[in-house]
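Okay, so here's the structure we're looking at.
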Amino acid sequence: MSDPSEGNDSHVVVDDVTMRFGDREVFSGRSCAFPKGKISVILGGSGSGKSTLLRLIAGLVKPASGRIVVDGNEITRMSERRLRKIRRSVGMMFQGGALLDSMSVFDNVAFPLREHTDMDEEEVAGEVHSRLESVGLTDVDALLPGELSGGMLKRVALARALIRKPVIVLIDEAFSGLDPVSTKLIEALLVRINWEFEMTMILVSHHIPSTLRMADQITLLLADELIQGTPGELTRGGDPRVERFLNENVDEGTDILTKMADFESEQTPQRPLRAE
């Protein structure tokens with residue numbers, strides 16, 4: 001399995017990080033690295049710190065110790081003013097989308113541009129429509145979030161995360177609450193965007209089938225260890241803890257090695273399967 005250490009192809013590095021909320025320690029001494037231009041998926045049980053790790057990378061919370069390097073910048077001790085500059089290159093899609101219910105689709109996607117750039121409204125409109133088209137949405141400007149399906153909500157949230165053309169996109173639970181058809185649609189969309197724009201994507205997910213199909217790298221947070229590797233390395237590595245986690249979270253009654261063989265025979269839309 002991959003050594004979670006800093007390398008030339010690492011776009012994000014988490015080095016010996018300990019995170020606490022009050023007296024509760026979420027994790028201690030965790031280290032991992034996420035490759036540039038690839039799709040990385042973070043897996044783990046409830047309370048393992050998956051979303052916390054994403055928020056640490058975004059600079060939304062600070063660790064008790066250790067360092068975090070994002071796009072070549074060590075952000076752990078940065079001031080909020082300097083962090084705002086770094087965040088220009090990082091997009092984030094929050095769990096549930098976090099769209100503003102009282103604002104239209106157009107205004108939700110336009111919000112970061114209006115708040116953080118000097119674009120005029122014509123320029124804003126051009127960028128908003130370009131991002132919405134890139135996620136397969138047209139003629140939705142006036143709709144409110146409450147009028148959208150689950151899959152459409154995810155795509156609007158993704159469009160907003162992409163609106164400032166980030167080089168790194170952090171995505172928290174892209175597939176939660178979606179039916180199988182919508183799940184495959186979002187999966188294919190993420191793969192296509194990563195493929196076309198060579199964008200680094202780091203996803204938190206609980207959806208094992210999509211993870212095995214689309215991930216270049218998996219980061220598995222266990223109670224006492226962090227394990228990284230490709231889907232093939234993790235499923236064939238012989239680690240009983242990894243096999244137990246994957247088997248418990250994939251379709252009931254299906255052995256993970258059998259399931260992996262099925263995934264490797266599939267074709268992910270827009271590009272070959274990248275399991276190895």
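The values are calculated or read from the model by the stated rules, or taken from the named source; none is laboratory data. Being a predicted model, the structure only gives us computed values, none of them experimental. Cβ: placed from backbone, ideal geometry, glycine included. Neighbour counts: every protein chain shown.
Looking across the stretch 80-121 at every residue that is under 22 Å from Leu53 (Cβ atoms) and β-branched (Val, Ile, Thr), the one that is modelled with the highest pLDDT is identified as Val90.
Being out of contact with any strand residue (DSSP E or B) (no Cβ under 7 Å at 6 or more places or on another chain), more than 22 Å from Val109 (Cβ to Cβ) and either crowded, with 21+ Cβ neighbours inside 10 Å or modelled with pLDDT of 90 or more (or both) is a description that applies to Gly72. All conditions in (1) in a strand (DSSP E or B); (2) within 22 Å of Met201 (Cβ to Cβ) hold for Ser28, with the sole exception of (2). Filtering the stretch 184-209 to residues that are of a type outside the set (D, E, K, R), in contact with a Ser or Thr (Cβ under 6 Å, 6 or more places away or on another chain) and under 23 Å from Val242 (Cβ atoms) leaves Ile202, Val204, Ser205.
The number of residues in the stretch 218-238 being of a type in the set (A, V, I, L, M, F, W, C) and within 17 Å of Asp15 (Cβ to Cβ) comes to 3. Among the residues of the stretch 46-97, those that are in a strand (DSSP E or B), of a type outside the set (Val, Ile, Thr) and either in contact with a Pro (Cβ under 7 Å, 6 or more places away or on another chain) or without any contact (Cβ under 8 Å) to a residue 60 or more places away in the chain (or both) comprise Ser65, Gly66, Arg67, Asn73, Glu74, Gly91. When you scan the stretch 168-181, do you find a residue that is among the β-branched types (Val, Ile, Thr) and over 23 Å from Thr52 (Cα atoms), even just one? For the stretch 168-181, residues among the β-branched types (Val, Ile, Thr) and over 23 Å from Thr52 (Cα atoms): present. Close contacts from the stretch 20-45, counting a first residue that is closer than 12 Å to Thr219 by Cβ and a second that is modelled with pLDDT of 95 or more and among the aromatic types (Phe, Trp, Tyr), with Cβ to Cβ under 7 Å and a gap of 6+ residues or different chains, come to Ser40/Phe34. Based on this model, can you work out whether Val135 counts as at pLDDT 95 or above, closer than 19 Å to Ile163 by Cβ and either touching a Gly at 6+ places or on another chain (Cβ under 7 Å) or surrounded by 17 or more Cβ atoms within 10 Å (Cβ to Cβ) (or both)? Judged against the criteria, Val135 is not a match.
The set of residues from the stretch 175-224 being crowded, with 17+ Cβ neighbours inside 10 Å and of a type in the set (D, E, K, R) comprises Lys184, Glu187, Arg192, Arg213, Asp216.
Which one is surrounded by the most Cβ atoms within 10 Å (Cβ to Cβ) among residues in the stretch 225-245 that are over 17 Å from Lys50 (Cβ atoms) and out of contact with any strand residue (DSSP E or B) (no Cβ under 8 Å at 6 or more places or on another chain)? Here the residue is Thr235. Kindly indicate whether Ile202 is within 20 Å of Val70 (Cβ to Cβ) and among the aliphatic types (A, V, I, L, M). When the stated conditions are applied, Ile202 passes them.
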